Each structure stands twice: as structure tokens, then as C-alpha cells.
1. Assuming R0 = 25 Å, can you tell me the calculated FRET efficiency for the pair residue 141 and residue 90, based on Cβ-Cβ distance, to the nearest 0.05?
2. To the nearest 0.05, what FRET efficiency results for residue 97 and residue 55 with a Förster distance of 35 Å applied to their C-beta separation?
3. Which of rounded, prolate, oblate describes the chain, given a ≥ b ≥ c as roots of the alpha-carbon gyration tensor eigenvalues and a/c under 1.5 marking rounded, otherwise prolate only if a/b is larger than b/c?
Ligand SMILES: Nc1ncnc2c1ncn2[C@@H]1O[C@H](COP(=O)(O)OP(=O)(O)OP(=O)(O)O)[C@@H](O)[C@H]1O
Ligand SMILES: [Mg+2]
């Protein structure tokens, strides 16, 4: 199932992320794609809010994995600077798959690591402040969540 949302500013993107984040469970994997500056990290900040995380989210571009503790913890990953999937595997990628909500930016760079049932989120830049956010579910659990998202 596919849904496409359009946001007019950063806050609307975060609110969409937050609405999604509220519905996520440990083991949920979100694969994010979109150009530099599209809004992947902004969307993830919203997800964190939805999970009840109050800390500010910073981009994991250099740290590769940032982890945030909460009732449902978040592992925020970024594959932009990786030379290959093994770099992510070597810093503990598999340790996060069950107990965390995992959000992976630049998922297309490590496609072989993305679980088959991952929720796919692609953000396209329409103009300076408008974004098109396409969310593609490949599993019944995410279909249900997608149906519940209003906008
Ligand atoms: N509708 C919008 N949704 C999200 N971000 C927006 C929007 N309009 C403007 N922006 C701005 O675009 C930028 C998005 O930056 P962000 O770091 O979230 O992108 P990114 O996709 O994570 O980039 P990178 O590939 O470098 O990780 C921010 O400066 C944000 O304020
Ligand atoms: Mg980012």
C-alpha cells in the first residue's frame, strides 16, 4: 500500500513523522531515501517525538548510528558516508533490529541490509519548502498504520 503526503514546511514534515512515530513498535524498520537536504532527519525528529523522546535529534551522518533511550528506543542510522554494508554491520547493525525502532537514512546505499518488510519512505523536494513524502508499506502491520495516518 502506498500513500503520498505533501508538506508545506519543516514543521508539517515533523508532525507527519510524529503521527507515524506514535504508532511504531520495537522491531519496526523504516528505510528513508531522498536527496541531500530533502528532510529525512527532520522527519526522523518527528518520529522521535512520537516515541516520546525529548532529546534533540542530530544527524548520524558522521556517527553512523545514534541511539535514543525511551520506552520504545530509537536507533537512527545514516548510510551516506559508508563505503559498504559491512561498515554498518561492524558497528552493531544487527543488535538494533529487535529491541528498537530503526530509522535508516540513505537506505538505498545499503539496500542488501534493508529487511523485506521495511516501511519505505521517500522524500522528494518540490520547492524550497514543499516536500512530497511517499510512504510504501510492504506488510499488513504497516498497512494498518498507513490507513490510520490522516493528512
Ligand atoms: N517541508 C519540509 N520538510 C522538511 N524539511 C524542510 C521542509 N522545508 C524546508 N525544509 C528544510 O530542509 C532541510 C532538511 O534537512 P534534513 O537534514 O532533514 O535533510 P536530510 O534529508 O536529512 O539531509 P541529509 O541527506 O544531508 O541527511 C532543513 O533545513 C529543513 O528546515
Ligand atoms: Mg539527514
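Nothing in this text is a laboratory measurement; each read-out follows from the coordinates by a stated rule. Computed from a predicted model, the values in this text were never measured in an experiment. We place every Cβ from the backbone using ideal geometry, glycine too, and count neighbours over all the protein chains shown.
1. In this case the efficiency is close to 0.25.
2. Once the sixth-power term is evaluated, E becomes 0.95.
3. On the way: a/c = 1.37, a/b = 1.23, b/c = 1.11.
Cα axes put the chain in the rounded bin.
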